[in-house]
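One structure is given here, and the rest of the page talks about it.
What follows draws every value from the coordinates through simple rules; no lab data is involved. Since this is a predicted model, take the numbers as computed values, not measurements. Virtual Cβ from ideal backbone geometry, glycine too; neighbours counted across all protein chains shown.
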Amino acid sequence: MTPTELARRIQHTLLKITATRDDILSLCREARTYNFQAVCVQPIWVPLAVNSLRDSDTVVCSVADFPHGASTIPAVTAEVQELLRSGAREVDVVCKIGYLRSGMYTAFRDHLAAVATAANGAITKVILEAALLTDDELATAIDLAAQAGIHYIKTASGFNGPGASVELVSRMHQLAAGRLKIKAAGGIRTKADAEAMLAAGADCLGTSSGVAIVTGAETSAPY
């Protein structure tokens, strides 16, 4: 895969709470330079990123109910709608693992269905924190996400435990069975990492190491 092809699969990510305005502008400049598919930023930075990336091929993705998935459904749907009004084109929302582990499957699905409805056709991704789930829980979560109308399943937030692995992405790809796409995120730092995740079935990659991945530079970025 060429660096140009790889860049179009990368969502260049900066979700640290310590990120400054200048950090976000730098992220967006890098996205323009390398033609990344998207930048992924916290909600407060969406307007800045949208303005910085105007007339580029890079879209803005943001996160909702992040990083714990602990808000009420009305609060989450309001957040999703605000993100889209601010110019975000994609939204990554944290699932409610507590519902899943409590056997509250209808509530789990209804939360995601409400997100999909609030997004009104915009791309939605559910962050499963998949490495924290048993295989049965992962299979159930994927089935419910598909029923809810979500577009992508995402491995991890990068804040609540392990991120992506080739084995995990491969299993998610198998369980999704073509019903949902996959965003691999968490710990993807090199071109070899990126290509392995894509080969395992990921459709896009969330990483703060996008520049290093497409240029082959060394990086110590955590996400």
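Listing for the model above:
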| read-out | value |
| --- | --- |
| Convex hull of the range 9-59 built on C-alpha atoms - directionally averaged projected area, nm² | 3.0 |
| Förster-model FRET efficiency, 22 Å R0, ALA177 and LEU132, C-beta, rounded to 0.05 | 0.50 |
| Residue order, fewest to most surrounding Cβ atoms within 10 angstrom, among ASP193, ASP203, ASP136 | ASP136, ASP203, ASP193 |
| Span from the the range 9-28 Cα centroid across to the the range 161-180 one, whole angstrom | 25 |
| FRET efficiency, LYS16 to ASP110 (Cβ-Cβ, R0 41 Å, nearest 0.05) | 0.85 |
| Computed [θ] at 222 nm, helices only, for the chain once each DSSP H run of length n ≥ 4 contributes -39500 (n - 2.57) | -13000 deg cm²/dmol |
| Exposure proxy order (Cβ contacts within 10 Å, fewest to most) of SER165, SER62 | SER165, SER62 |
| Structure-derived semi-axes √(5λ) of the Cα gyration tensor in Å - corresponding label in [x] 26, 21, 14; [y] 35, 18, 15; [z] 31, 18, 16 | [x] |
| Over the range 57-124, volume per residue of the alpha carbon convex hull, in Å³ | 76 |
| Separation in nanometres of the label points that stand 7 Å from Cα toward Cβ, at ASP203 and ARG29 | 3.3 |
| 17 Å cut-off, amide nitrogen to a point 7 angstrom out along SER102 Cα→Cβ, residues in the range 137-156 | 141 |
| Computed over the chain: relative contact order in percent, which uses C-alpha pairs under 8 Å that are six or more apart | 17 |
| Fully extended contour minus Cα-Cα distance, from THR2 to ARG85, at 0.36 nm per residue | 26.4 nm |
| Rounded to the nearest 20 debye, dipole of the range 3-215 from Cβ charges on Lys, Arg, Asp, Glu | 280 |
